[in-house]
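The values are calculated or read from the model by the stated rules, or taken from the named source; none is laboratory data. Being a predicted model, the structure only gives us computed values, none of them experimental. FYI the Cβ positions are ideal-geometry reconstructions off the backbone, even for glycines, and counts take in every protein chain you see.
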Amino acid sequence: MKIPLKIKDSIYNNIIKNKTTAFSDEEKYEVDFKKIVNDNINQLTLNDENKAEAKIKWENILKNNAKNYGKYSSGNKIKIYNNNILAFIDILKSINKSKKRVWFESYIFDDSKLSSLVVDSLCNASQRGCDVILLIDFIGSKKIKNKWINKLKKNNVQVILFNNFLNSFFNVLPIFFRDHRKIIIADNTAYCGSMNVSDSVVPNEYIQGNVICKERIEEIITGIDNKVDGQLNSNLLIQSHNKLYEGCVKDLNLIKKENKSKGIEFYDLHIKMKGPAVKHLANVFIDSLNMSNSNIIRTPIEDQQMYTDSDENSNCNDLINKKKKKKSVNDCYVQILESNVLRKIKSIQNTFDYVIRNGATESIYITTSYFLPPGFLRRALFSSMSNGVDISFLLSGNSDVLGDVLATYNVIKKFLKRQQREGSGSGSVSGVGVGSGSVSGSGSGSGVGSGSTSLSEDEHNKNHLSSENLVEKNLRGLNKNMYNINVIKNVNLLYLKQWAYLINIKNQVKKRMEFNFLKKKKTNRKEKNGNSIFYHLQDKHCHAKNIVIDNVWCSIGSFNWDRFSSRRNLEVMISVFNKQVCDQFINEHKKKIQQNSKQVTLAHIVNRNFFENFLSYCAYHLGRLSGKNIFDGLSNNSKKIILKKAIINRYLRDNCIRDISLHMMWGV
């Protein structure tokens, strides 16, 4: 039984209507983009000329993103977690302290001890009078215990299973349309990142009784909180976390030897956030709530406090650099990006494509899982490499998905072979930081990796002259065509509009070609191609999703670099423009590479046996096939056909003057 198309359209229209009316009276936060860009670019080690160019570039990028993609705000504070146990200690504390609301959204919610702790905390919050909603994906959370669901409902907790089989059977939502977001809103605090609620995030052996890692952890946390009493932000510094963790690491090792985890432990990155962006992230949760087709309706939350540079009690704690305790960072610029293909929202995809192509000039650091990038992201990375940008990838060497690592080898092979073809290096790059290498030629570089394939000054001038000749040649061709049109236009005045249209095209082409030529001449484009360096995390499954561009722009959330996240799932990412936050992510990226990772080179891939290469080839193409729009209910082929027809009609209408003129000239 299928619901008629008109009813489906009315359902989606109601969803969109509820979304737009709910956010119509939202306050707009004023942001000084120039000040934000200047404050962060001035911290980079660039000369004055490059700083000036970077300021103009990033100001335009931030304004463009603010205009087209997602809600944005300044005055936010962010805390980064690179340890799942420490993250969930703070998450449970925030839930237990909440007084107004607890909105909990997760893709996986299994039957682990961690899930039991979360269920108890949600029930207690509801008994205190909080508005508690648990929104979990039906397929991802198939292991949740029925007794927990009944317990939550008895305690007035709203439990929603996103897109269950009943909805898919009645064709309300496609079965492959899943909720992959990880969002927690606890009063004025928000959490977002890659962590689910499962045994892979916090293994059962880390939990004894009803606390994580023994009761004395809570005692130590309470003692630390008392020491910082009086501050708005009572977050724990990484040094305190280390002492806390080292205090029980011996006991944990003994427990792990006795009770080994059945699955693979995950490496995740998560953030805690306060400020105006909490309201914007709550709006994304409301979007998920609306898409679930439940009867639960929530309006946007109240405006949140801003944390500026002058606020001594606000900070973005440095939770990753263990060697040096940095000064607090304030006033983080944050933009909330989301992906909802049924509502035609692709802020994440469009932002990544735009920032990688137009923002990256030095380096890109990517930490992700399930690396099977869709075509537009792969082309964006290739484009940045051609512009001299060095890219470091931290991928998973132990995956929870069968064939994922094998398929990744095939993708890496494509990148390294392209790099070898373009002469940027051999794929085996070693050196300082994440990677700095010399590749056939003199010269050294910094950042993610460097190579030397510089052109001589004569070759550069030759290319410069050839570009000028190309511009003149194309313009001469246009002038010839315009001469023919000038002769013919007197034949029939009916085609005067078409003639004027072609004149306009000529001017636009001339302007665009001159602009591109001047742009290439002005931007001092690098005379080498960038390197791509790949590492596989060995001890855990790399489940983190993070990208850092040019050490000033970064993003973290739930979006994987694969077709499922790109064109099927509900996703959310938090983009941050802040130099010191980016430093923390880069330090974490480098630390993981140095301690627990293995570099993947082209020689390593090529020297594998035929059977391994064949399996990689099959896994890659099966992964691509599974991500295509065949039978998933999300196909847009009909719209593509309509678009093609419109393009053909427009082409015939705009070029009829040329075709008719040629026919008249030759007497046809």
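Tabulated results
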{"item": "Asn156, sole failed condition from (1) free of Cβ contacts under 8 Å to residues at least 40 places away in the same chain; (2) touching a Leu at 6+ places or on another chain (Cβ under 9 Å); (3) closer than 19 Å to Ser292 by Cβ", "result": "(2)"}
{"item": "Single residue of Lys545, Lys528, Lys506, Lys510 found to be crowded, with 24+ Cβ neighbours inside 10 Å, modelled with pLDDT of 55 or more and either farther than 26 Å from Gln580 by Cβ or touching a strand residue (DSSP E or B) at 6+ places or on another chain (Cβ under 8 Å) (or both)", "result": "Lys545"}
{"item": "Condition met for Leu166 (crowded, with 18+ Cβ neighbours inside 10 Å, modelled with pLDDT under 90 and on the phi < 0 side of the Ramachandran plot)", "result": "no"}
{"item": "Positions within the range 575-610 being touching a Phe, Trp or Tyr at 6+ places or on another chain (Cβ under 9 Å) and among the polar types (S, T, N, Q), in sequence order", "result": "Ser575, Asn578, Asn596, Ser597, Gln599, Thr601"}
{"item": "Residue match in the range 596-618 (condition: modelled with pLDDT under 85, surrounded by 12 or more Cβ atoms within 10 Å (Cβ to Cβ) and outside any helix (DSSP H, G or I))", "result": "no"}
{"item": "Test for Ser112: is it over 24 Å from Ser347 (Cβ atoms) and among the small types (Gly, Ala, Ser)", "result": "yes"}
{"item": "The range 170-197, subset touching a Gly at 6+ places or on another chain (Cβ under 8 Å) and of a type in the set (S, T, N, Q), residue nearest to Ile144 (Cα to Cα)", "result": "Asn196"}
{"item": "Odd one out for Asn83 among (1) more than 29 Å from the chain's Cα centre (by Cα); (2) surrounded by fewer than 22 Cβ atoms within 10 Å (Cβ to Cβ)", "result": "(1)"}
{"item": "Sole residue being among the hydroxyl-bearing types (Ser, Thr, Tyr) and more than 26 Å from Met573 (Cα to Cα), chosen from Ser94, Ser126, Ser115, Ser141", "result": "Ser126"}
{"item": "The range 582-595 - residue that is polar (S, T, N, Q) and either surrounded by fewer than 20 Cβ atoms within 10 Å (Cβ to Cβ) or in contact with a Gly (Cβ under 9 Å, 6 or more places away or on another chain) (or both) and, of those, modelled with the lowest pLDDT", "result": "Gln595"}
{"item": "Residue list for the range 140-163, restricted to those being crowded, with 18+ Cβ neighbours inside 10 Å and assigned to a loop (DSSP other than H, G, I, E, B)", "result": "Gly140, Ser141, Ile144, Val157, Asn163"}
{"item": "Scope the range 61-117; condition among the basic types (Lys, Arg) and not in a helix (DSSP H, G or I); matching residues", "result": "Lys71, Lys77, Lys79, Lys99, Lys100, Arg101"}
{"item": "Failed criterion for Asp562 (all others in (1) more than 21 Å from Asp179 (Cβ to Cβ); (2) in contact with a Leu (Cβ under 6 Å, 6 or more places away or on another chain); (3) among the charged types (D, E, K, R) hold)", "result": "(1)"}
{"item": "From the options Ser141, Ser126, residue that is of a type in the set (Gly, Ala, Ser), more than 20 Å from Lys545 (Cα to Cα) and over 27 Å from the mean Cα position of the chain (by Cα)", "result": "Ser126"}
